[in-house]
Every structure is written in C-alpha cells, then in structure tokens.
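The values are calculated or read from the model by the stated rules, or taken from the named source; none is laboratory data. Bear in mind the structure is a predicted one, so any value in this text is a computation, not a measurement. Heads up, the Cβs are rebuilt from the backbone with ideal geometry, glycines too, and the neighbour counts pull from every protein chain shown. Accessible surface areas use protein heavy atoms only, side chains included; no ligands, DNA or RNA. Shrake-Rupley method; radii C 1.70, N 1.55, O 1.52, S 1.80 Å.
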Amino acid sequence: MPRKKTNKKSAPSGSSFTPPPPINEQKRHRRKDPSIVPSPPYLLASKCLDFGCGLPIIKKACPKAEEGGWRSALPNSEWGTFPHGKLSHSFVSYFDEEDLVKDVTFGDYMHSINNNTGNTAAGVGGTTAGSSIISTTLHNYYNYAFQTNSTSLSDLTHPLALSVLLLLVLTIRTMKKICLPRFSSLGRTLGRAAHGPTWENDNSDRIFKFGEYVYRLCYHSAVSFYGLVYFHDKIWWDNARGGTKHLWMNYPNHPVEPGMAWYYLVQCAYNVDALLSLLELSLVVEWVNPLAYSSALDFLEKEQVVDEQQRKRQVFLMMAKSRRQTLLWTPLFHIKWSPTIRGDFREMMAHHLVTNTLIFFSSFYRMTRAGSVIFLIHDLSDVPIDLSKLANFVKWKVTTIVCFVIMVLLWIVTRLTFFPFVLCRSILLESHEYMVLKGTLDPALHDAYYAPFYFLTGSLVVLHVTWFLILLRIGWTLVSKGETHDYTEHKNGEDKKDS
C-alpha cells in the first residue's frame, strides 16, 4: 500500500498522457462531432507550436512525436488529450488531397495534350518544323491560359501566377506613365475653359489628380462592364437558383474559368499598383545631409549675432520643427508628407492593405466566387466617385452635385446594404453550413481561419461606414454653405483659392 501511494504521488503529470491520433483520424472525429473543435485562439496556438516543433533547429528540443510531441510537456495533461483538450487538435493549413482537385499546371496540361495527340511532328523537318514548333508552343500557351479551367493562374500565390502578376503591375505602371500626362493635359484644358488661363497657376495639384482620376474612371468603368457581362448569368447571382449558397456549395472544388482567373489577376495587379501609387502620391523621401547640424550653426553664426547657447537652442528648435513635419526621421533620410497627400490617407491605406490581403487569401483558399462579388460591388460604386471627383477638380458645380447624389445612393445600395446584409450574412451563416456541415472541409481548418476572414471583411464594413460619414459631411457643407468641399482629398476642406 505505501508503495502504491508513493507511485501515485511521484507519477509525472504526463505519465497518463495519450498522444493524439493521426490528423486524418482527428478530422474524422471532428466531422462526426464538430462540437469537440476548440475555439480559434487555441487552434492557432496549437498550429504555431506544431509548426515550431517541426523546424529542424527547434525539433531537437521538443519531445518526440511518438510520445506526443510538445503536448506531452504541458503542465496539465488534459490540455493535450484528444478530443476535449484545448490544445489537442492538429490540422493541415490547406485542403487534404482526398478533398481537393488540384489545379492544372502547364506540365500537366502538356502531358495530357501529348497523350491525346501523340508525337505528330516527328516526320516534319527543316524550317517548317521550327516554325511549326513555335506556333504550336504559342498555341498551347494560349489554350492553357485562356481556354483551360482551374489552372495555376487561379492561385495568386503560385510562382506562375506571381510572375504574370508582376508583368501586369509593370504593364499598368507603364500605361499610367504614358496616359496620365495626357489625362492631366485634358484637365488643364477644361480648367482653362471654365475658369480662365490663370487658373492652372494655383491648381497644379488638382491637374495632377485629375489625370489620376481619369485613369481610375477608365479602369473602373471597364472592369465594371466586364463584370456585369461575365457574371450576369452566374448561378451565385441568381436567387431563383440558390443565390449566395453557391458561393460555398461544392467547396473547394469550384471550377475556376479563365475569365475568372484573369479577372482576379487584373484586379490584384490594379490594387497592388494602387497601393504603390498611394504611397508615391502621399509621401516624399528626402536624403539628409549628415553635416546639417554644423551647417546650421555656421549659418546662424554668420547671419545673426547670438551667443553660443542661444545659437544651439535655435538649431535644435529648427530640427524639432522639421521632425514634427516628418513621418519617419533617420540620420540618413526623411519621409515626409507630400503636398498631394489625400485627406483620407489612413482610411485608403487601411483599405488597400485589407483588400490586397483578402485578394491573396481568397485566391489561395479558393474563395474566388465570394471575392469576385466583393470586386464587382466595389467597382460599380467607384464609377460615380471618380466622376464626382473629376467634376469637382475642375469646379463644375452642377455636375459635381448630380454625380455626388448618384454616388451616395449607389454607395448605400452596394456597400452599406448588399455587402453587409447579403454577402457578409452569407459568409457568417451559409459558409459553415455548406463548407463544413454539408461539405468536406475540416471543421478545425474552418474555425481556425474564419476569424481572420471575418475580421478583414468586417474591416471593409467599418471603412465603408467611415467613408459614408465623410460623404455626409461633404453633403452637409454643400447644403449649409453651398460649397463643394472634398474632405477625402483635403482633410480640413479646400482652400478658397481652389474654389
């Protein structure tokens, strides 16, 4: 008896610990009873620890996997005991092979072509063979990119898609360099015609931004037209056939048509360029003279008769004032706000960061249907925004008011009604039903990553409401003062000289 009592007391907390079963078996348990899945913070913590103990350097310090890995070292063995332990569940960060139809790589495509057609060019020789090979290769590239469903181009994190994305970004930036000066010249001409030849002297920033928004108007009009034509007969837009349920049914094996893949690529390239352009428009980098302090001392010594302490104090005040006007100060360079900075820079920066994260996230996890809906409703509401800004830049008051009213109405319909109450509702309710309960998705994978996805889409709702409040402020200024002030471009309103 004493021996048994001693054994109970001296037994380590992990002596009764049972290692969790393999991940596939865990998944079967979770699909049978989703209630055993821990909350997202515990799932993410378990995933981070699983990942860390899988690294070569840390792996040696972790307990052996056969003994339960890091879970066997927990102070409370119940935490790591499957299935009810909070840290007991493991899951893969992507889909299982049995649940997923893989994207078609170019190698897979060529292999299928060769198997279907055979080597028919074996007897062709000379120059004809060379030209035939080139034309056949180009034809295969075209068919793969524009005629084949669910290729590697539909995953923006794939090296091939990233290469195409880089080319598209460079193409867009090249087109902007060519087109923006011409668009700005159009704004200069319209401004002169409306306000006289001296108008452009005090409105160089307006002229520059006019060119930027003509480009934006062309883009948003083009992608909105394409989206309306391409998606008008898609099943997830038709409530009579199930509507938004089809955003999640048969997930993750939705066929991604070439039109959808290129729609995503172009939209992503535009948004990446928009982020870069926002930084270029809002920030200025200035190199710092390492001898600036001593040069300022010499200047004050020559220009003013002051004592040594007063001279140094004034120099420090000059440098402190410069720092307050500087976003980032280093001994080598300063990053300052540009005169052309947008009034809603913070909101736009948050918007671009959230949007680009959602684009890559939805592409990687095959949520392109939901992503395309977000794209389209934003593009449609952006068209009257661009028109109202263009009219305001050249001070066409009546046109500005008409475009502003259309913009507010469309904003309410698309971003404040459809987006939160139709799409976000579908994400919150229908996605779990059709992806997990009626689908094949691992409940742990869904629960671990739905929180970041909800947060990102919720952030867009918050930004939409924030911008709408800015629009109400613009409308109130218009009604109460009879003036059109664009607070998205000028935080405190526009100067009278700009009016």
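In table form, for the structure just shown:
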quantity	calculated
Given (1) at pLDDT below 90; (2) open to solvent by less than 30 Å² (accessible area, probe 1.4 Å), index of the condition residue 202 fails	(2)
Residue 69 vs. criteria farther than 30 Å from residue 251 by Cβ, of a type outside the set (D, E, K, R), open to solvent by less than 30 Å² (accessible area, probe 1.4 Å) and modelled with pLDDT of 85 or more	yes
Residue pairs meeting the criteria (Cβ under 6 Å; at least 6 apart or on separate chains; first touching a residue at least 12 places away in the same chain (Cβ under 8 Å), in the range 76-87; second of a type in the set (Phe, Trp, Tyr) and buried (at least 19 other Cβ atoms within 10 Å of the Cβ))	77/17
Out of 224, 184, sole residue that is open to solvent by less than 20 Å² (accessible area, probe 1.4 Å) and without any contact (Cβ under 8 Å) to a residue 40 or more places away in the chain	184
Residues located in the range 344-370, provided they are open to solvent by 10 Å² or more (accessible area, probe 1.4 Å) and small (Gly, Ala, Ser)	350
Flag if residue 92 is open to solvent by less than 60 Å² (accessible area, probe 1.4 Å), of a type in the set (A, V, I, L, M) and assigned to a loop (DSSP other than H, G, I, E, B)	yes
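A quick yes/no check of all residues on (1) open to solvent by 50 Å² or more (accessible area, probe 1.4 Å); (2) modelled with pLDDT of 85 or more; (3) in a loop (DSSP other than H, G, I, E, B); (4) more than 30 Å from residue 361 (Cβ to Cβ):
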{"position": "457", "(1), (2), (3), (4)": "no, yes, no, no"}
{"position": "464", "(1), (2), (3), (4)": "no, yes, no, no"}
{"position": "473", "(1), (2), (3), (4)": "yes, yes, no, yes"}
{"position": "477", "(1), (2), (3), (4)": "no, no, no, yes"}
